[in-house]
Amino acid sequence: MPRATPPSNWATTTWAAITLSTLLSVTAATLALVITFNASTATTASMHLAAGLLTLATIGVALAWRRTTRVTVDLFGGHARRYLSSWGTRLWSMLLFSGYAVQYLGGADNKRALVAGAILRALAALALLAEVLTTRTRVHRLVAGLVEAPNRYEPNSPDDGMLPQLVAWNATQWDPELQAEIEHRRRHGTGQPRP
């Protein structure tokens, strides 16, 4: 039986979230070091700009990743709330907001506030990275588990994996008229409907 794989758009947004959150954590940590060691104003300003742009890109990718993860988990029969625990996203947003708040409230000339804000943003990116990696592992386990249960999902369906093809769905369990018609045909050996 062929191996089931998650949709390509989920894999793409997952890797984008991993890459951007890693870049953001490295950039924010580097910004903290640059501020600590009194780098030039131009270097500090360019690092602030890079960290800000990476923050915006990471927020966009994180939102897209959560949406595609929700769709992927539903596609493979899981419950999205169980797979998207949100602890990393909550920690990410709290630390990110705190980092900018500390930096803003401390003022543009307060070196300690700028370093603390950069460190909080680096930790925020690491929290997001941890959630993405944890959820990625759980989704891959979900997909692998469905390979062993072919009655629930057909990986080579004609819709190219966008919707699960339910193979073992049984309409007779909820439609008594249909069940009676099937039993009548079975008893009488006819393929024609009852008059």
(message) Of the residues Leu133, Leu63, Leu53, Leu120, only one is open to solvent by less than 60 Å² (accessible area, probe 1.4 Å), assigned to a helix (DSSP H, G or I) and modelled with pLDDT of 90 or more; which?
(response) Leu120
(request) Could you check Gly77 against (1) in a helix (DSSP H, G or I); (2) open to solvent by 20 Å² or more (accessible area, probe 1.4 Å); (3) touching a Phe, Trp or Tyr at 6+ places or on another chain (Cβ under 8 Å) and say which number it fails? (result) (1)
(message) So, in segment 5-50, exactly how many residues are open to solvent by less than 80 Å² (accessible area, probe 1.4 Å), farther than 25 Å from Ala130 by Cα and of a type in the set (Ser, Thr, Tyr)?
(response) 5
(request) Being within 11 Å of Ala127 (Cβ to Cβ) and among the polar types (S, T, N, Q) is the filter; apply it to segment 87-109 and report the residue that is surrounded by the fewest Cβ atoms within 10 Å (Cβ to Cβ). (result) Ser93
(request) Answer with yes or no whether Arg70 is open to solvent by 30 Å² or more (accessible area, probe 1.4 Å), modelled with pLDDT of 85 or more and part of a helix (DSSP H, G or I). (result) yes
(message) Give me the residue from segment 96-117 that is farther than 23 Å from Ala16 by Cβ and of a type in the set (Ser, Thr, Tyr) and, out of that set, modelled with the lowest pLDDT.
(response) Tyr104
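The values are calculated or read from the model by the stated rules, or taken from the named source; none is laboratory data. Since we're looking at a predicted model, the values are computed, not measured. Using ideal geometry, Cβ is built from the backbone for each residue, glycine included, and neighbour counts are taken over all protein chains shown. The protein model used for the area step is the full one, side chains on, heavy atoms only, and it has no ligands, DNA or RNA in it. Shrake-Rupley method; radii C 1.70, N 1.55, O 1.52, S 1.80 Å.
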